[in-house]
1. With each pseudo-label sitting 7 Å past Cα toward Cβ, what's the residue 66-residue 6 distance in nm, one decimal?
2. For residue 34 and residue 109, compute 0.36 nm times the residue count separating them, minus their Cα-Cα distance, and round to one decimal in nm.
3. Among 108, 20, which comes first, then next, by fewest other beta-carbon atoms within 10 Å?
4. Given a Förster distance of 30 Å, report the FRET efficiency between residue 102 and residue 59 from their Cβ-Cβ distance, rounded to the nearest 0.05.
5. Using a Förster radius of 22 Å, what is the FRET efficiency between residue 78 and residue 23 based on their Cβ-Cβ separation? Nearest 0.05, please.
Amino acid sequence: MPAVDAAPPIVDARGLCKDYGTRRVVTDVSFALARGECLGLLGPNGAGKTTTIRMVTCFTAPSAGTLAVLGLPTTPTNHAAIKGGLGVVQQDESLDPDLSVEQNLIVYASYFGIARRDEGLGLDDVEVLGAEHRVRVSGRRRPGQAPRPSAGCAPEPAS
């Protein structure tokens, strides 16, 4: 008999629901995502795709159902550990063209609840490119430059 992988799923969602007031925006969503698997959420605008991702990434709590990410229930005490183990790829350009590279990194870290004093953003690594890049305004994508990948999240930081 082949060995059975006993590792918990990266994401284990059972009967997820999300309500905003009296409006239910996610109804009974269930899926399990194992390490190495990829999951796409498809549906029309308003189907609950973004809300489901927000629940998985601990930015909003489910109204009903159970959700574990990286083997941890998505309770507030586990949010930092879960967010620290996820990598997120934005669908659209998310840099503020009026901020420096360093300022954009600080803003992005705040999305994950990383306080400025705890950042550990590796800003010193930017020195490899030269100090001028660290404070340069990030700007916008140049014409003809490839667009960023579609939105998603992964169990490890994206590179």
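Rule-based calculations on the coordinates, nothing more; no lab input. This structure is a prediction, so every number in the text was calculated from the model and none was measured. Cβ: placed from backbone, ideal geometry, glycine included. Neighbour counts: every protein chain shown.
1. 1.8
2. Details: separation 75, 0.36 × 75 = 27.00 nm, distance 2.67 nm.
Answer, rounded to one decimal: 24.3 nm.
3. Numbers: 108 16, 20 11.
Ordered from fewest to most neighbouring Cβ atoms within 10 Å, 108, 20 come out as 20, 108.
4. Working: r = 24 Å, r/R0 = 0.80.
Computed FRET efficiency for residue 102 and residue 59: 0.80.
5. On the way: r = 27 Å, r/R0 = 1.24.
After rounding to 0.05, the efficiency reads 0.20.
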